[in-house]
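Shown next, in structure tokens, is the structure this report addresses.
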Amino acid sequence: MNQPAGSSLLRTACPSCGAALPWYRAWALFEGGLTCPACQAKLQLRQPARALLGVPLAAAVLAGMFLGVPQLVPVISFGGWLALVVAALLAGMLLFTLFGVRAAGIRAETADRASGWGIVWLSLAVVFVVLSLTFFPPPLESPELPSSPEVKAQGKADASWVLRTLDGREVRLADFEGKVVFLNVWATWCRPCLIEMPGIQDLYREFKDEGVAFLLVTNEPPEQVRRFVGGRGWDLPVYTVPGNVPEVFAAESLPTTFILNRRGEIVFKHVGAVRWDTDDCRRFLRRLL
């Protein structure tokens, strides 16, 4: 005879013999039933309780999809959103166990209530850690710039590369011939790119009138980039790519930064976010002028 199973926050109790079943075994109830290992009674949940299962889980999944739209990704990293979705799923499991089973009229135990609230605190802890790392990221390291007086070239830049300003004007890399070029490949969805941007902004304000050209390059749609930059009040020279990226500037990861000397040779390349407004970086750029 099938009987409705009693449920606590973290376990399901057999109504026939009172044997406790761990919570991870209880999920089998939603797949057609569970057999009590103590008395072999067939346990099942009433139909309304099964329907309630989908509510918190669907809400968590939809929230994760909404929070992952491109416009919101720069606010928090992909890993951060993933952790938040996991925390939402844990909270959903708790809400179902606490309210869903009772709403279906099934006997609820309270022996494990304290343990159940542990899931709440665990979920809140995950959210707190993610938000802390997002809005208070660890300090950036400084790039390891060449220290020798003679800086060796690592390759020749493609002077014919065409870039487009945010107002639609096309320029070529050759237009910056005779200047030191600080070229940063980034994207609006790249959280590390945004973390290092204030340092690039400070460096730009100091060197923009000293013969250093700053090019912040992204291959995203111009309108999307224009809205993104406008919302942050940057005065950095941002460019989009209307065509293909030359192989020499192909970025395996973002952000990637290239520094070119006045002859158009690549003398430094760095992959990853770093702090650019350092004395070492200032000395390196002045050495190239």
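The values are calculated or read from the model by the stated rules, or taken from the named source; none is laboratory data. This one's a predicted model, so the numbers in the text were calculated from it and none came from an experiment. Neighbour counts run over all protein chains shown; Cβ positions are idealised from the backbone, glycine included.
Select, from E210, E252, E220, the only residue that is within 21 Å of L140 (Cα to Cα) and out of contact with any strand residue (DSSP E or B) (no Cβ under 6 Å at 6 or more places or on another chain). Walk me through how you get there before you give the answer.
Numbers: E210 fails: within 21 Å of L140 (Cα to Cα); E220 fails: within 21 Å of L140 (Cα to Cα).
Result of the check over E210, E252, E220: E252.
I'd like to check something: does the stretch 151-159 contain any residue that is part of a helix (DSSP H, G or I), loosely packed, with under 15 Cβ neighbours inside 10 Å and not aromatic (F, W, Y)? Show your work before the answer.
The first filter runs over the stretch 151-159 and keeps only residues part of a helix (DSSP H, G or I), leaving none.
No: zero hits.
Looking at G272, G211, G264, G233, which one is small (G, A, S), in contact with a Leu (Cβ under 8 Å, 6 or more places away or on another chain) and over 17 Å from L163 (Cα atoms)? So that I can check it myself, show each step before the final result.
On the way: G272 fails: in contact with a Leu (Cβ under 8 Å, 6 or more places away or on another chain); G264 fails: over 17 Å from L163 (Cα atoms); G233 fails: in contact with a Leu (Cβ under 8 Å, 6 or more places away or on another chain).
One residue alone meets the criteria, G211.
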P242 vs. criteria in contact with an Asp or Glu (Cβ under 8 Å, 6 or more places away or on another chain) and either modelled with pLDDT under 90 or surrounded by fewer than 18 Cβ atoms within 10 Å (Cβ to Cβ) (or both): yes
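Check the stretch 160-169 and report whether any residue there is modelled with pLDDT under 90 and in a loop (DSSP other than H, G, I, E, B). Before the answer, list the steps.
At the first step, the residues of the stretch 160-169 found to be modelled with pLDDT under 90 are none.
The answer is no; no qualifying residue exists.
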Of the criteria (1) surrounded by fewer than 18 Cβ atoms within 10 Å (Cβ to Cβ); (2) closer than 16 Å to P143 by Cα; (3) at pLDDT 95 or above, which one I259 fails: (1)
The stretch 178-227 - residue that is touching a residue at least 60 places away in the same chain (Cβ under 8 Å) and basic (K, R) and, of those, surrounded by the fewest Cβ atoms within 10 Å (Cβ to Cβ): R226
